[in-house]
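What follows is a set of notes on a single structure, which appears directly below.
Each value in this text was obtained by applying a stated rule to the coordinates, not by laboratory testing. Since the structure is predicted, the reported quantities are computational estimates derived from the model, not experimental observations. Positions of Cβ are backbone-derived with ideal geometry, glycine not excepted, and every protein chain shown enters the neighbour counts.
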Amino acid sequence: MKKFNIRKVLDGLTSSSSSAAHTGAAKENDAVPESLQSEHFQLCKTVRHGFPHQPSSMAFDPVQKILAVGTLNGALRLFGRAGVECYCQHESGAGVIQLQFLINEGALVSALADDSIHLWNLRQKIPAILHSLKFNRERITYCHLPFQSKWLYIGTERGNIHIVNVESFTLSGYVIMWNKAIELSTKTHPGPVVHISDNPMDEGKLLIGYECGVVVLWDLKSKKADYRYNYDEAIHSVDWHHEGKQFVCSHSDGTLTTWNIRTPAKPTQIITPHGKQPKDGKKPEPCKPILKVEYKTTRAGDPFMVLSGGLSYDTVGRRACLTVMHGKSTAVLEMDFPIVDFLTLCETPYPNDFQEPYAVVVLLERDLVVIDLGQIGYPIFENPYPLSIHESPVTCCEYFADCPAELIPALYSVGSRQKRQGYSKKDWPINGGNWGQGTQSYPEIVITGHADGTIKFWDASALMLQVLYKLKTAKVFEKARGKEEKANTDIVDEDPFAIQTLCWCPESRMLCVAGVSAHVIVYRFSKQEAAAANVQLLEVRMQCELSDTDSPDTGGEQTPTQASSVPPSPQEGDAPATASSQPSAGGNGSNPSSDGQRDNMPCLQVRSSPLKQSPGYQVELVVQLVWVGGEPPQPITSLAINSSYGLVVFGNSNGMAVVDYLQQTLLLNLGTSELYGASEPYQRQPCSPRKARQPSGALCDSSDGPNAAEERCKSPNSGSTSPCNSDDERKAKFIKKVKYKSRRFSKTVANDFARMSRKISSSNEHKPNTDSKDNSFSRSRSSSVTSIDRESREAVCAFCFCETFPRKSADGVPGPCVLVGTSQGSVMLLAISLPPGDDQRLIQPVGISSCGTVARLKGGILTMALLDAAGAALPASYEPWYDPNASDEEKEKERSRWRRPASPPSSQEGHDSQFAVLCSEKQAKVVAVPSQTRVHKHNITESSFVLRADVVQMAGANCIACFCANGHIMTLSLPSLRPLLDVNYLPLTDMRIARTFCFSSLGQALYLTSPTEVQRITYSQETCDNLQEMLSELFTPVETPEAPNRGFFKGLFGGGAQSLDREDLFGETASGKASRSLAQHIPGPGNMEGMKGAASGVVGDLARARVALDERGQKLGELEERTAAMMSSAESFSKHAHDMMQKYKDKKWYQL
């Protein structure tokens, strides 16, 4: 596992921090102790989960029970028992064309598309390459390594066969040239070598298959061909009968030919497994090529013949199939994806014994299937690996560490009821390796949202990954039965149920999900089944109306009655948002407006029939944004839920809304501009040359006069302005293009690409104005000067529920609040007024009031958090979980334990008692509360932007973890914002990384490195130090099974297997040296480092043995003393015996 060098930063020194100009409060806060140092951080990869992306080859060790899979990008994935996985990568990145295990030797040979072969050492926890050999003049097409042999046969595109010593990785001088193998009368080249294997009963006979259809039985000793077998069709694969008298070939016309080695004139049998047999006895119709065949014998029954391909050409559109022929029965097993390769697992590794096949491993393009050959119907084994991550494309991801201990058992108990039936009753056959001795004992949970609307909960503890529970959010909505019913989802042609973002509270188990069709679903966890009931629906009307007048003052509380307003006349200016606060069960609100435009209609139809909800997550409330004046609702960009307050808050480019999911009412619905007070210094007034509604692109025009536009685009204290665009024609073309493109991509991907392209272009083009410094704020999230950014709206992009001071006054008392962050760097505060007492919570309305702007940062806000005066994190209050479907007595028992975290202390004597941590795409700030004065600031990046930022716990303290688009991963201390870690890890090459990268506490992070794989990393020095102990072991000492008994008569008459001394044939003394220009030997980095790694892998065993020796030390000392005493006694006894002997040696026996 590669560790990355860290540019350690001296504590107290910052390269881009400007923390001067502290106030008196700031100077006092400088005394906050910080325990985190740069020595606590180290970045390295840990494990990779999921299905190998673009698999190309496969191999199996029948003794170690280890499966290896190679991919087209040069990756190797090795699998053992459940939880035993390993990932390694060839540096060249060339595709893996073939893999060969050195059976029970702890080594693997890989052949790549760049004509190189590599020897991997699997006896260490992190496999490494010991040797490499690069061919210069010939292309590698096939490799074969006989069991218990050190000589590797390599077939090439030219038809030649070279032999490599796998111990030294040197070429032998023994070469089988194609022109000597084929008949001299043949005038054409036989083509590449497609098969090499030795006769199971005679190691001196080598079977060579050429693509043209010629098969040659080569005598290694005499260096000539014994027999040649010719067929008109091209060969794809060959396999032996274990007795070595027959072999089977698969051909390009869908036929199988069986040959007797002593009758080369014609095959003994020709069959077309899937061909239609004509009545007149003619040749069957040709079928598709049989790509691979395996011929396996059994001791007590008919042999098995397993093949892939060979279907009839008239089966157009039929899925890929695996055919199992056993005796007179033929079973055709359909696969969900195309077959890449398959292997038959047998009881013995010896090719000259009855094979006794028991399973078939089928590698598909997007799945791995193991078929049980020992049961009727050939059922599949239940796969224990986390290979279903890509079952539907992942659209979002969240990572939670140190969760409540009872969460994983609770999720597993409800998820176990979702498992499919009909699996094989036998244990998973790939069961090699051992688990690591990890020291991490805290529970970890990963949640993934998918394009089909499903949400999966994964147990990620101890570097493993196992699915716990699967939630299908699409069940809430009606299924479209035809094209006519898909009209409402035309803003998202593909994947209308895709998960945009999610918010989860582990303590209360409340889950809130936002989808791309502008819907929010609130779920509550229950271990019991809920009675069938209608889905509770709340429709919200959010719109962005632009006017030349000032936006109204948003002071004062908002109630459900105030939130549901009547649209004003156009002369008075439209309200930013309206809503219907009455929940309904299933039906949708309104019809198209009088002018034919769609209005007050949601994008998806909530199911009208009662919904039966199984144990697990059950729907509490569905919130849908509706169309407004022919415009679809804007995608939801931020989401938060708080179980203690019973509130859900979400926002988009139009504004934000607060929903009381307990009373199922809308509390607040404001446009982004209305979040600013009338006297706000940071207020930005959007402007428009006309009152008409904007097109669906939601782009705000700012051209109602050069002077006015300049004033509106100018920051309050900045000397620079942001240019405003007035090119209506270009804007219309752009919107038309976006609409056209959006029909081809899902809304999530389209939004991500548009946003990221704006940021990347801004990072390359925009140069910051050094004169404006702290008071210069960019108008867009990425300081872009492109036309699309000049026309973009200010979106609400972050929320944080907290208990803090709603006002700047020093004598204030902290209360429930929510911090709101926007895409232009503004952070506002809303105060929440909850009804007194629990009895009044469901009766009286909750009040919301705006408290103004807290701070302003460059770039869009990514995360916000609150610290106490000692620098410890202040978590949001929560309601402990209780089962909503339990009996009243159990509910009362659970509710009696209801609590909130202790409220933060009130401010005394004018001192600040809290810190607000704010992080945007460009910088981080720490603001003292309640005075709202900045005490620390750090410019994270100037040339790039931050994709993900989280306030995480690390080594008992808190820090900010950031991932930038330029690939840097950074951590900053709190509250002083000292740089602790800065590593150039992974440049942003795919939108998938930006959408799925997430941090968790205790130094863990993960992201989707491919459409099918999750890469986990750690930024903790402690985890890096213990990584060797935590990783699983692939190689375990296992005795090789005994060779089959030859029997008395076979041994007497020589009918058994014939051995061959390959050293005499292929060694340098017999065959000479190979040409140096043919291949180049490259020593691998694993030669020395691999041995060190292997040595370090047993450090734990040595340490435990050392402890045992120490415990026995005293006993050994006592034993040594006793041994010395016994030696002295023995010496004395010997001397006494010698004296006795001298005394009586001359006397006769009768004199004694």
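Annotations
- Gyration tensor (alpha-carbon) shape descriptor, region 316-356, a/c threshold 1.5: oblate
- Loop-resident GluC sites (Glu not before Pro) (DSSP state other than H, G, I, E or B) in region 382-475 with no more than 13 further Cβ atoms inside 10 Å of their Cβ: Glu406.
- Between Lys527 and Asp839, the FRET efficiency estimated from the beta carbon spacing at R0 = 25 angstrom works out to 0.40.
- In this label model, Met991 and Ala94 are separated by 3.4 nm, measuring between points 7 Å along each Cα→Cβ vector.
- The distance linking region 494-548 with region 858-885 is 20 Å (Cα centroid to Cα centroid, whole angstrom).
- For Asp336 and Ala870, a Förster radius of 51 Å and the Cβ-Cβ distance give a FRET efficiency of 0.35, rounded to the nearest 0.05.
- When the Cα convex hull of region 272-383 is projected onto planes of every orientation, the mean area is 8.3 nm².
- Averaging over all projection directions, the Cα-based convex hull of region 963-1054 occupies 11.5 nm² in the image plane.
- Remark: region 423-463 projects, on average over all directions, an area of 5.1 nm² (convex hull of Cα atoms).
- Of Lys150/Lys221; Lys419/Lys456; Lys150/Lys205; Lys472/Lys612; Lys150/Lys1073, pairs whose Cα-Cα distance is over 21 Å: none
- Estimated inter-spin distance, Lys283 and Lys328, nm [label 7 Å along Cα→Cβ]: 2.9
- The trypsin sites (Lys or Arg not before Pro) of region 366-430 that DSSP puts in a loop, and whose beta carbon has at most 12 other beta carbons within 10 Å, are Lys419, Arg420, Lys425.
- On the basis of the beta-carbon distance and an R0 of 30 Å, Lys187 and Glu157 show a calculated FRET efficiency of 0.95.
- Of the trypsin sites (Lys or Arg not before Pro) found in region 293-364, the ones in coil according to DSSP and having at most 15 other Cβ atoms within 10 Å of their Cβ are Arg299, Arg318, Arg319, Lys328.
- Shape call, region 371-444: gyration tensor on alpha carbons, a/c limit 1.5: prolate
- Here's how it looks for Cys397: its modeled amide H is under 5 Å from those of Gly449, which are all 5 or more places away or on a different chain.
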